[in-house]
Amino acid sequence: DLTVLDGTPAPAPIPEPVALPASASVSGMSGQDQMYVLDCESRSAVDWARHWGVKISEYEFFWGLPTSVNPEKGFVGNVSGTWGLVPPDDYGVHAAPIAVRLREYGLKAQARKYLSWDDLRVEIAAGRPVIVWIIDTLSPGAPRYYNPGVGPYTVTAPYEHTMILVGYTSTTVTLLDGATFRTLSLSSFLDSWSALANMGVVYVP
């Protein structure tokens, strides 16, 4: 009975925090090198999709993306262009169009921003890899506010890149970068990931 003697409801009990393992990893992941200079997001997407049993051609996936001057709406620039630039120059695409494209193949993909480290740990501990947007100089990066003229301002950053988070310990993370697994310090990863608003694509069961 959640009442006290004067008839007012007692405060609801505080939920127990979710207990997360100190380390976890997703098994069975593999990838390939990306086809184009700037299609890392498509490469990550098709490798992520294959983990869920859906095989997609990287070429088909990329060329089905919309194009835009706004990376929140579509791919910005020339996919064979120069890496390290920001919109409206050759750049890439953010999480929302990638998630929409994955859903076209029946995958339960959701684009998220402002994820926490615990959010990522929950996904990995449950066996669900996460596509993450980082700065591939693996430094904190330099976020830049960009007015695309189509929609609101968005945050961009030079050397935008995607990898798939597949494991963590208390001090490191493991990411799939094309065909290569990379182990980074947790602090370096978190600094780099924060540049683009802690953005990712997750699987929603």
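Those residues that are surrounded by fewer than 20 Cβ atoms within 10 Å (Cβ to Cβ) and of a type in the set (Val, Ile, Thr), I need them from region 44-78; list them, please. Selection gives 54, 67, 69. Going through (1) more than 22 Å from residue 58 (Cβ to Cβ); (2) open to solvent by 50 Å² or more (accessible area, probe 1.4 Å) one by one, residue 120 falls short only on (2). The sole residue among 156, 169 that is surrounded by fewer than 16 Cβ atoms within 10 Å (Cβ to Cβ), at pLDDT 95 or above and out of contact with any helix residue (DSSP H, G or I) (no Cβ under 6 Å at 6 or more places or on another chain) is 169.
Quick grid of which residues meet (1) under 25 Å from residue 66 (Cα atoms); (2) assigned to a strand (DSSP E or B); (3) free of Cβ contacts under 8 Å to residues at least 40 places away in the same chain; (4) of a type in the set (Asp, Glu):
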site: 142; (1), (2), (3), (4): no, no, no, no
site: 158; (1), (2), (3), (4): yes, no, no, no
site: 162; (1), (2), (3), (4): yes, yes, no, no
site: 173; (1), (2), (3), (4): no, yes, yes, no
site: 183; (1), (2), (3), (4): no, yes, yes, no
site: 187; (1), (2), (3), (4): no, no, yes, no
site: 190; (1), (2), (3), (4): no, no, no, no
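As a summary of the residue check, residue 9 satisfies the conditions (1) within 23 Å of residue 203 (Cα to Cα); (2) modelled with pLDDT under 95; (3) open to solvent by 60 Å² or more (accessible area, probe 1.4 Å) except for the one numbered (1). Residues in region 79-88 that are β-branched (Val, Ile, Thr) and buried (at least 17 other Cβ atoms within 10 Å of the Cβ): 2 in all. Among the residues here, residue 147 does not qualify as open to solvent by less than 40 Å² (accessible area, probe 1.4 Å) and farther than 19 Å from residue 48 by Cβ. Do the conditions hold for residue 102, that is, is it open to solvent by less than 30 Å² (accessible area, probe 1.4 Å), modelled with pLDDT of 95 or more, over 21 Å from residue 194 (Cα atoms) and outside any loop (DSSP other than H, G, I, E, B)? So residue 102 passes the test.
For region 177-205, the tally of residues that are touching a strand residue (DSSP E or B) at 6+ places or on another chain (Cβ under 6 Å), open to solvent by 60 Å² or more (accessible area, probe 1.4 Å) and of a type in the set (D, E, K, R) stands at 1.
Just to be sure, is residue 114 part of a strand (DSSP E or B) and not acidic (Asp, Glu)? No; evaluated as a whole, the condition is false for this residue.
The values are calculated or read from the model by the stated rules, or taken from the named source; none is laboratory data. Computed from a prediction, not measured in an experiment: that's the story for all the values here. When we count neighbours, we look across all protein chains shown, and the Cβ atoms used for this are built from the backbone with ideal geometry, even at glycine. With ligands, DNA and RNA removed, areas are computed over all heavy atoms of the protein, side chains included. Shrake-Rupley method; radii C 1.70, N 1.55, O 1.52, S 1.80 Å.
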